[in-house]
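First comes the structure, then the notes that go with it.
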Amino acid sequence: MARKNQIKINKNLIKWTGLNGLPDFTKIKDEDFGPAFKIAMKKGLKKIEQIADNKNKPTFKNTILALETGEDDLSRISAIFWNRSGAHTNETIQKLEREISPKMSRYASKISMNKKLFKRIDTLWQKRDTLDLDNEQLIVLERYWKSYVKSGAKLKPSKQIRLANINEELAGIGTNFGQNMLKDEASWSLILSDEKELVGIPDFLKSSMAAAAKERLGDKKGANKYAVTLSRSIIEPFLTFSENRELREKAFNAFASRGAHKGKNDNRPLVKQTLVLRDEKAKLLGYKNYAELKLDNTMAKTPKAVNALLSNVWDKALVKAKAEEDALAKIIASEGKNHTVAPWDWRHYAEKLRQEKYNFSEAELKPYLQLENVITACFDVAERLFGLTLNEVKGVKAYHPDVRTFSVKNKKGKIVGTFLGDYFARPSKRSGAWMSAFQSQHKLAETKSGKQKPIIYNVMNFAKGEPTLLSLDDARTLFHEFGHALHGLLSNVTHPSVAGTAVSRDWVELPSQLYEHWFMVPEILSKYAKHYKTGKPMPKALLKKLKAAETFNAGFQTIEFTSSAIIDMAYHTAKNVCDPAFDPMKFEAQKLKKLNMPNSIIMRHRIPHFAHVFSGDGYSAGYYSYMWSEVLDADAFRAFEEINDPFDLKLAKRLKKYIYSSGGSIDPEKAYKKFRGKLPSPEAMLEGRGLI
């Protein structure tokens, strides 16, 4: 007889019956996740115990392959939950996130510190040369072995316990960091209604601000009002076009101080706690510092190599930024004003300088960058390069009404995966843009074809408009994230642990950043950059100006990014983070002063809202990877430029095979050499940024 009140799992969390194997989101409630995680973790641990207790000698099949699919239920539940926590959260989800994060860390520690399981993995690793494994299998085995060692498998029991506690604490702190940041972003808005406050604001931005006001205040109270929010798609154009310096300063300071307000949402104490725990973790595992731990098994390999690249770029960017600031100061003086270039002035006067130098503005460009057309352009490039077609399937209910669903087919008309696009900002979504997967591709699935097809999604934060018009940066972001999506959709490997974007941190940005280049290909711009009212293509004169201004403001943009990457690396190589007197904010200020950071520019991500680094472990000691990958992507696109054909089929075939489809099944250096024939130098990247 069944026990009363027996906990059950909502089968829709693990049995996905929607289009192309999508979850049926309509049958999943917030309250389902708690019980589901509890049951799935229990089931997962039982499966792990079975693998560890296997009486047969360890083999790749009965140990590694068994681990590859041993936690499928938990993976599916997690995929839906973490999607919701980032893209459409609420108080119930956030409360559960705070509970689940440390539990998941505890669960992972139990597995990675299972002595019998590691003994099996270690036995295979030590005899790997006698196992007749192919290259992908060897890489998968190496990943498991290194992952378990880095998770404390070789430590003494007392140190394992401490490491598990550190990981659990870090998981909880990372969750709180992200939630605090979201609260600051969601709770702040600057409501404007007086026409005097809107001087300089173009129609496309007014439209987005009006929509934001209604979303924040409701249709009735928000009527005839305009909201400046902390979404980049609103705050950055507001800082660019608003003639009201006082309002620019107010909005900028709100944006720059996210996570840095005294009280329960203050992220500054969490930064200190995180750095102390990460330092202790690294030393427990035998590394000099946390950066050494994170860079092991990356292309860069050492902090020295990272800092050499960043330092080279920094010196050149400082010279460029100083010249740019002098030019902005002249414009300020010409207007009869005597203030210096403050951070809330830079975008505003840079836009005026661009108009002066190139005779066009962002406002002139934006009517030609309609969201729908940029999406179509993205898909067209994928078809021309890789033979993929994406067709929207109407009527599919995803996790939010704004989300659109596309079936992805190859040249033969066979479905290779599913893509979801979630493009608009909302208070329930964290800021930024990202790609993730509900499930990745692999060939171990128990299906008729023996393959699992990828379900990939992109999340953006564009401001809604009628229609939605993008900035040049927005359009590049859309291409960037779709480049990540293609990395998942084109994956063609056997094992899930090396599928799609499961690659080293400083390789993962190559497919995305490389894809951005195709947006600026003249035949793509001329075909899809059409005026939203007239339907006429962007005039050739404007296209020419756009190309001429590609490296405009490069000093500012490079300083913004590189300062963030340098500070990230500095934090994670600092020797004194455990000193009670260590103050992360003072450390940041001192380091920036030593770098001669211009007063007119701030880091793209100040530490209290540096989610890449502190809301989880994703890009910690790894923010540099965008620039490392940029060295690769600039050189990779140059291969197409050298033959004067951005859609050369032979080159595209190699690009697909070695960059987009191989996942982590090939060593990155070998994969790049297979595509390009050589490793790159930074020159193409520096030229692309206009720094040499």
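Read-outs throughout are calculated quantities, based only on the coordinates presented, and are distinct from any laboratory measurement. Note that this is a predicted model, so its numbers are computed, not measured. Glycine gets a Cβ as well: all are built from the backbone with ideal geometry, and neighbour counts include every protein chain shown.
Computed values, structure above
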{"read-out": "Folded to 0 to 90 degrees: helix 472-489 orientation relative to the chain principal axis, Cα", "value": "20 degrees"}
{"read-out": "Other-chain or far-sequence residues with amide H under 5 Å of Ser661's (modelled H)", "value": "none"}
{"read-out": "The stretch 38-59 versus the stretch 540-571: alpha-carbon centroid distance in Å", "value": "50 Å"}
{"read-out": "Nearest-ten-degree value, helix 135-150 long axis tilted from longest Cα axis of the chain", "value": "90 degrees"}
{"read-out": "Interchain or long-range residues, amide H under 5 Å from His400's placed H", "value": "none"}
{"read-out": "Residue pairs, from the table Lys11/Lys409; Lys322/Lys366; Lys352/Lys586, whose Cα atoms sit over 32 Å apart", "value": "Lys352/Lys586"}
{"read-out": "Hz values of 3J(HN,Hα) by residue in the stretch 684-692 - Karplus curve (6.51, -1.76, 1.60), Gly and Pro given as x", "value": "4, 5, 5, 5, x, 8, x, 9, 9"}
{"read-out": "Per-peptide average of other Cβ atoms within 10 Å, ordering 176-182, 199-205 highest first", "value": "176-182, 199-205"}
{"read-out": "Peptide ranges 48-58, 75-85 listed from the most packed, as the mean C-beta count within 10 angstrom indicates", "value": "75-85, 48-58"}
{"read-out": "The stretch 367-548: relative contact order in percent, alpha carbon pairs under 8 Å with at least 6 residues between", "value": "23 percent"}
{"read-out": "Point-to-point label distance, Asp645-Ser187, nm (Cα→Cβ direction, 7 Å offset)", "value": "5.9 nm"}
{"read-out": "From phi via Karplus (6.51, -1.76, 1.60), per-residue ³J(HN,Hα) for the stretch 459-464 in Hz, x at Gly/Pro", "value": "10, 10, 9, 6, 6, 5"}
{"read-out": "Distance between modelled label sites at Lys678 and Glu356, nm, 7 Å Cα→Cβ extension", "value": "4.1 nm"}
{"read-out": "Amide H partners (placed H, <5 Å) of Val416, local residues excluded", "value": "Val408, Lys409, Asn410"}
{"read-out": "Span from the the stretch 480-509 Cα centroid across to the the stretch 631-680 one, whole angstrom", "value": "15 Å"}
{"read-out": "Expected 222 nm ellipticity per residue - DSSP helices of 4 or more, -39500 (n - 2.57), all of the chain, to 500", "value": "-17000 deg cm²/dmol"}
{"read-out": "Reachable lysines from Lys674, criterion Cα separation under 23 angstrom, eight or more residues apart if same chain", "value": "Lys301, Lys650, Lys653, Lys656, Lys657"}
{"read-out": "D_trans [Stokes-Einstein, Kirkwood Rh over alpha-carbon pairs] for the stretch 367-548, 10 °C, 1.306 mPa s, µm² s⁻¹", "value": "92 µm²/s"}
{"read-out": "Proximal aspartates and glutamates relative to Lys545, as straight alpha-carbon distance under 18 Å, when same-chain residues fewer than 8 apart are discounted", "value": "Glu351, Glu356, Glu362, Glu364, Asp473, Glu523"}
{"read-out": "Listed peptides 603-611, 402-410 by packing density, highest first (mean Cβ within 10 Å)", "value": "603-611, 402-410"}
{"read-out": "Percent RCO, i.e. relative contact order, over the chain, from Cα pairs under 8 Å lying at least 6 residues apart", "value": "15 percent"}
{"read-out": "For the stretch 214-221, 3J(HN,Hα) per residue [Karplus equation, 6.51 cos²θ - 1.76 cosθ + 1.60, θ = phi - 60°, Hz, x = Gly/Pro]", "value": "5, 5, 7, 10, x, 4, 6, 5"}
{"read-out": "Compactness of the chain, expressed as Rg and Dmax over alpha-carbon positions, Å", "value": "25.3, 86"}
{"read-out": "Whole-Å distance, taken between Cα centres, linking the stretch 231-308 and the stretch 328-400", "value": "25 Å"}
{"read-out": "The chain: angle of helix 115-126 to the longest principal axis, Cα-based, in degrees nearest 10", "value": "80 degrees"}
